[in-house]
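Written below as structure tokens is the structure these notes are about.
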């Protein structure tokens, strides 16, 4: 977090929050900070915000996104001037430092942001804290949202609308793709207009968006419930609705998908295991995969009478590597489950995301679907990804059968891309579906 006041100037606090609630780390810092201007973010890779001093002044910057051509941009800047970068222990340059350097290439903040938006391959949404206000710029393709909140005593920006609603702010609107806006306590000014072409991440609704969040007018929780209903309708239509005792959701994000499935199928919803979170709040936070797997297993507390001797259909938000799902299925069988069926609330993930960190993979062969396709057909298999994603093709049936065998599932189906798009309710041309079909 970075705050600004005339008395204390810029005040910055950065903590490592791996496996720690945000509040416990920053509670003491907030008491010492003062001013009515503040920005902050949670970053998976870079300490943020950072302070930048350039010909454009002193300001703080934080961003979210991925800069795929970071090394090339760094080299271009180093070759063209005497600029130097502070490197992190890994040797990499902080992404906000690189963005700050790009902005400083131009004669104004707005020109610099637009320049950075055009030069960066990947995605970039950012906040800039200045002495007289806060500037927000949404990624040029709108991959993630930025929402403006308004209260009688000022304005705010947020990635999640619910974050400021509890503080008495009301949603004004979302920034358009590429739009740049500045807020002060008294005003909200458009510095550069946005465009109509948008590719917002579909995975926001399927998995990592918070349940009460609203993106582009679509609430996450209602989309997930609708998504589950569509999956059930497809299973009924295709004759794939199994005879099970309960419909269940893999907590937390799989639960509303499962509720929708249960509502439409008429099969009772139940929670055969509860996720215990006080000790380990987020299983993906540890950097080590084996620790993540251990944490995920430790959090599952069974309800024995809902598992033993029961046939269960679970809905999960997605199947990525399959590692945690395999352990979940083994956990259910070890507690007496008779059958475990699985439904994925999105299509098979075929590509590691090159626009955001949320579904990123170091190798596409880490993805269970791509790994199996590669084993079946080698490098040629990439030509048939569309067929493998389709449950009605021979290749699609083969992929599902192989995943079933490896994860010890009784049956498996994936939501289709058409079903996902229908559940979101926006035009497919406005949605990014790169992780499913390679089209960003």
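Is it fair to say residue 107 is assigned to a loop (DSSP other than H, G, I, E, B), at pLDDT below 90 and assigned by TED's automatic domain parsing to the domain that holds residue 164?
No, not satisfied.
Among the residues that make up region 326-336, is at least one of them touching a residue at least 12 places away in the same chain (Cβ under 8 Å), within 20 Å of residue 420 (Cα to Cα), in contact with a strand residue (DSSP E or B) (Cβ under 9 Å, 6 or more places away or on another chain) and not in a helix (DSSP H, G or I)? Spell out how you get there, then give the answer.
Taking region 326-336 and keeping what is touching a residue at least 12 places away in the same chain (Cβ under 8 Å), we get 326-333, 335-336.
Restricting the remaining residues to those that are within 20 Å of residue 420 (Cα to Cα) gives none.
No, region 326-336 has no match at all.
Hey, among 368, 349, which residue is under 23 Å from the mean Cα position of the chain (by Cα) and under 30 Å from residue 216 (Cα atoms)?
Just a single option satisfies the conditions, and that option is 349.
Applying the selection to region 58-74, what residues are part of a helix (DSSP H, G or I) and over 18 Å from residue 125 (Cβ atoms)?
71, 72, 74 - these are the residues of region 58-74 that are part of a helix (DSSP H, G or I) and over 18 Å from residue 125 (Cβ atoms).
Restricting attention to region 339-372, which residues are part of a helix (DSSP H, G or I) and closer than 18 Å to residue 416 by Cα? Quick ask: steps written out before the conclusion?
Step one: filter region 339-372 for residues part of a helix (DSSP H, G or I), giving 364-366, 368-372.
368, 369, 370 - these are the residues of region 339-372 that are part of a helix (DSSP H, G or I) and closer than 18 Å to residue 416 by Cα.
Could you tell me which of the residues 95, 108, 80 is touching a residue at least 24 places away in the same chain (Cβ under 8 Å) and surrounded by fewer than 16 Cβ atoms within 10 Å (Cβ to Cβ)?
Answer to the check: 108.
Mind listing whichever residues of region 42-57 are in contact (Cβ under 8 Å) with a residue 60 or more places away in the chain, in a loop (DSSP other than H, G, I, E, B) and surrounded by fewer than 18 Cβ atoms within 10 Å (Cβ to Cβ)?
Passing the criteria: 44, 45.
Given the criteria touching a strand residue (DSSP E or B) at 6+ places or on another chain (Cβ under 9 Å), surrounded by fewer than 21 Cβ atoms within 10 Å (Cβ to Cβ) and modelled with pLDDT of 95 or more, does residue 188 qualify?
In short, yes.
Got a sec? Which of 229, 221 is touching a helix residue (DSSP H, G or I) at 6+ places or on another chain (Cβ under 6 Å), assigned to a helix (DSSP H, G or I) and over 26 Å from residue 143 (Cβ atoms)?
Unique residue meeting the criteria: 229.
Could you say whether any residue in region 378-386 is touching a helix residue (DSSP H, G or I) at 6+ places or on another chain (Cβ under 6 Å) and within 30 Å of residue 67 (Cα to Cα)?
So the first thing to find is which residues in region 378-386 are touching a helix residue (DSSP H, G or I) at 6+ places or on another chain (Cβ under 6 Å), and the list is 381, 384.
Narrowing the set further to residues that are within 30 Å of residue 67 (Cα to Cα) leaves 381, 384.
The answer is yes; a qualifying residue exists.
Report, by residue number, each residue of region 343-369 that is in contact with a helix residue (DSSP H, G or I) (Cβ under 7 Å, 6 or more places away or on another chain), within 21 Å of residue 401 (Cβ to Cβ) and buried (at least 23 other Cβ atoms within 10 Å of the Cβ).
343, 345, 346, 347, 348, 349, 369
Residues of region 407-432 being part of a loop (DSSP other than H, G, I, E, B) and either surrounded by fewer than 17 Cβ atoms within 10 Å (Cβ to Cβ) or in contact with a strand residue (DSSP E or B) (Cβ under 9 Å, 6 or more places away or on another chain) (or both), which ones? Show your work before the answer.
Within region 407-432, the subset part of a loop (DSSP other than H, G, I, E, B) is 408-410, 415-416, 425-427.
If the condition is that a residue be part of a loop (DSSP other than H, G, I, E, B) and either surrounded by fewer than 17 Cβ atoms within 10 Å (Cβ to Cβ) or in contact with a strand residue (DSSP E or B) (Cβ under 9 Å, 6 or more places away or on another chain) (or both), then 408, 409, 410, 415, 425, 426, 427 are the ones that fit.
So in region 221-251, with the set limited to residues that are without any contact (Cβ under 8 Å) to a residue 24 or more places away in the chain and farther than 20 Å from residue 347 by Cβ, which one is surrounded by the most Cβ atoms within 10 Å (Cβ to Cβ)? So that I can check it myself, show each step before the final result.
Within region 221-251, the first condition is being without any contact (Cβ under 8 Å) to a residue 24 or more places away in the chain, and the residues that meet it are 222, 237, 239.
Add one more test, that the residue is farther than 20 Å from residue 347 by Cβ, and what stays is 222, 239.
Details: 222: 16, 239: 6.
Out of the qualifying residues, it is 222.
I'm trying to understand the selection: among the residues of region 111-141, which are surrounded by fewer than 22 Cβ atoms within 10 Å (Cβ to Cβ) and free of Cβ contacts under 8 Å to residues at least 40 places away in the same chain?
111, 115, 118
The values are calculated or read from the model by the stated rules, or taken from the named source; none is laboratory data. None of these values were measured; they are calculated from a predicted model. Here Cβ is always computed from backbone atoms with ideal geometry, including for glycine, and neighbour counts include all displayed protein chains.
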